[in-house]
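The values are calculated or read from the model by the stated rules, or taken from the named source; none is laboratory data. Predicted, not measured: the structure shown is a model, and the values here were computed from it. Heads up, the Cβs are rebuilt from the backbone with ideal geometry, glycines too, and the neighbour counts pull from every protein chain shown.
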Amino acid sequence: MDYQAVLEEVAAYARPLVRRGRVADYIPALERVSADRFGIAVADIHGAVHGVGDWEVPFSVQSISKAFSLALVMAQSPGSQGEDGIWKRVGREPSGTPFNSLVQLEAENGIPRNPFINAGALVVTDRLQTLTGDASTSMLDFLREESGNPDLAFDPAVAESEAGHGDRNAALAHFMASFGNLENPVPSVIEHYFWQCAIEMSCRDLAVAGGFLARHGLRADGSRLLEAREAKRINAVMLTCGTYDAAGEFAYRVGLPAKSGVGGGIIAVIPGRCTLCVWSPGLDARGNSVAGAAALDHFTTLTGWSVF
Ligand code: DON
């Protein structure tokens, strides 16, 4: 496969769509990014990396961090402990509601539908906080190592901006705490969640760091992060829940496990082959990158690669 040629063609197809979306503005620090950006990278399972456009420009990972926090919790709690432990506290069904919705929590005893909506990610972050003592720094350390980029960093302006506009996430966390579904104090859980969202990475960094999802749980150095069945399960939840309340439409169009963020990034996994990351900040009404989704759609059309 001539990845570079495919990526050039994908970029030519998707770039004209960059202005169709709207840059997220509900967190003021995110709206400063230009809507014209577009980058895409692919990292194959052997470590070769290709990219086009703004593929080396760092952006705010936002909810893409949710895939890594779930992986780290599973990795830190091996065997049945990891599986039973976290899955008693968070489900694995699509929510069909916006990522920051509160409505299902009351009827469902404070157990969020899945780890990729905000409520679910707060529970996973809470668990990671218990396991590591520092849920945001442990994630940054892991991402630096796995991406091979020691310069990865938090963007403090984004983290502070999130905290300044974090009433909804605080409400979700307090509500779950009232059901006994948090182990740590609410302020510490939401703080670590905001800092995880505020990590800055490029398409290159994310495609490389997400390689273990394509390598059935093996890290870049060949050591094992996750059992193969754990990596399969994360991919399955990404397919069904990774793009918010558009996961059905995304599976229909793209047919790959994926996780999006309101910074405009999306990672997607082709198990046994490669991990992709695309970035374009213009979002659709559900919070997914318009040009990014179109690019992944076109990539699977050109290559014929999907999980189906
Ligand atoms: O919780 C928030 O509002 C953001 N920091 C993360 C948003 C995001 O990318 C979509 N969330 N699932």
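Which of the following residues is within 27 Å of V237 (Cβ to Cβ) and not assigned by TED's automatic domain parsing to the domain that holds L283: A71, A43?
Selected residue: A71, the only one of A71, A43 that is within 27 Å of V237 (Cβ to Cβ) and not assigned by TED's automatic domain parsing to the domain that holds L283.
Go through (1) surrounded by fewer than 23 Cβ atoms within 10 Å (Cβ to Cβ); (2) charged (D, E, K, R); (3) in a helix (DSSP H, G or I); (4) more than 11 Å from the ligand (Cβ to nearest atom) for D151 and report which single condition fails.
Of (1) surrounded by fewer than 23 Cβ atoms within 10 Å (Cβ to Cβ); (2) charged (D, E, K, R); (3) in a helix (DSSP H, G or I); (4) more than 11 Å from the ligand (Cβ to nearest atom), only one is false for D151: (3).
Taking the options A107, A11, name whichever one is at negative phi and at pLDDT below 95.
A107
Conditions first: (1) within 28 Å of V23 (Cβ to Cβ); (2) without any contact (Cβ under 8 Å) to a residue 60 or more places away in the chain; (3) hydrophobic (A, V, I, L, M, F, W, C). C241 passes all but one, so which condition is the exception?
(2)
Can you run down the residue pairs with Cβ atoms below 6 Å, 6 or more apart or on separate chains, where the first is in region 121-137 and closer than 17 Å to A170 by Cα and in contact (Cβ under 8 Å) with a residue 40 or more places away in the chain and the partner is surrounded by fewer than 24 Cβ atoms within 10 Å (Cβ to Cβ) and among the acidic types (D, E)?
D126/E183
When the residues of region 100-125 are narrowed to those that are farther than 18 Å from T243 by Cα and in a loop (DSSP other than H, G, I, E, B), which ends up farthest from the ligand (Cβ to nearest atom)?
Here the answer is N109.
Has region 186-196 got at least one residue that is part of a loop (DSSP other than H, G, I, E, B), modelled with pLDDT of 95 or more, within 18 Å of the chain's Cα centre (by Cα) and among the hydrophobic types (A, V, I, L, M, F, W, C)?
no
Filter region 154-183 for residues that are assigned to a loop (DSSP other than H, G, I, E, B) and under 17 Å from I111 (Cβ atoms); which is farthest from the ligand (Cβ to nearest atom)?
G180
Can you find a residue that is in contact with a Cys (Cβ under 7 Å, 6 or more places away or on another chain), within 14 Å of the ligand (Cβ to nearest atom), β-branched (V, I, T) and touching a residue at least 12 places away in the same chain (Cβ under 8 Å) anywhere in region 271-293?
no
Which of the residues spanning region 101-120 are without any contact (Cβ under 8 Å) to a residue 40 or more places away in the chain and crowded, with 17+ Cβ neighbours inside 10 Å?
Matches in region 101-120: S101, Q104.
Test each condition in (1) more than 13 Å from the ligand (Cβ to nearest atom); (2) touching a Gly at 6+ places or on another chain (Cβ under 9 Å) for L128 and report the one that comes out false.
Condition (2) is where L128 drops out.
Do you know which of the residues in region 170-227 that are polar (S, T, N, Q) and buried (at least 21 other Cβ atoms within 10 Å of the Cβ) is farthest from Q76 (Cα to Cα)?
Top of the filtered list is S202.
For R32, which of the numbered conditions (1) away from the ligand (no atom under 16 Å from the Cβ); (2) assigned by TED's automatic domain parsing to the domain that holds L239; (3) not in a helix (DSSP H, G or I) fails to hold?
Of everything listed in (1) away from the ligand (no atom under 16 Å from the Cβ); (2) assigned by TED's automatic domain parsing to the domain that holds L239; (3) not in a helix (DSSP H, G or I), R32 misses just condition (1).
List every residue pair whose Cβ atoms sit under 7 Å apart, with the two residues 6 or more apart in sequence or on different chains, where the first one lies in region 190-215 and is farther than 16 Å from V278 by Cβ and the second, anywhere, is acidic (D, E) and within 16 Å of the ligand (Cβ to nearest atom).
Partner pairs satisfying both residue conditions: F194/E162; C197/E162; A198/D155; A198/E162; E200/D155.
Show the residue pairs that are 6+ apart or on different chains and have beta-carbon atoms under 7 Å apart, the first residue being within region 244-264 and assigned by TED's automatic domain parsing to the domain that holds Y26 and farther than 20 Å from I27 by Cα, the second being more than 14 Å from the ligand (Cβ to nearest atom) and charged (D, E, K, R).
As it stands, the answer is R253/D297; V254/D297, since those pairs meet every condition given.
Could you tell me how many of the residues in region 214-223 are touching a Ser or Thr at 6+ places or on another chain (Cβ under 6 Å) and either within 16 Å of the ligand (Cβ to nearest atom) or not small (G, A, S) (or both)?
0
Of a type in the set (S, T, N, Q), more than 30 Å from E56 (Cβ to Cβ) and not in a helix (DSSP H, G or I): which single residue out of T130, T97 fits that description?
From the options T130, T97, the qualifying one is T97.
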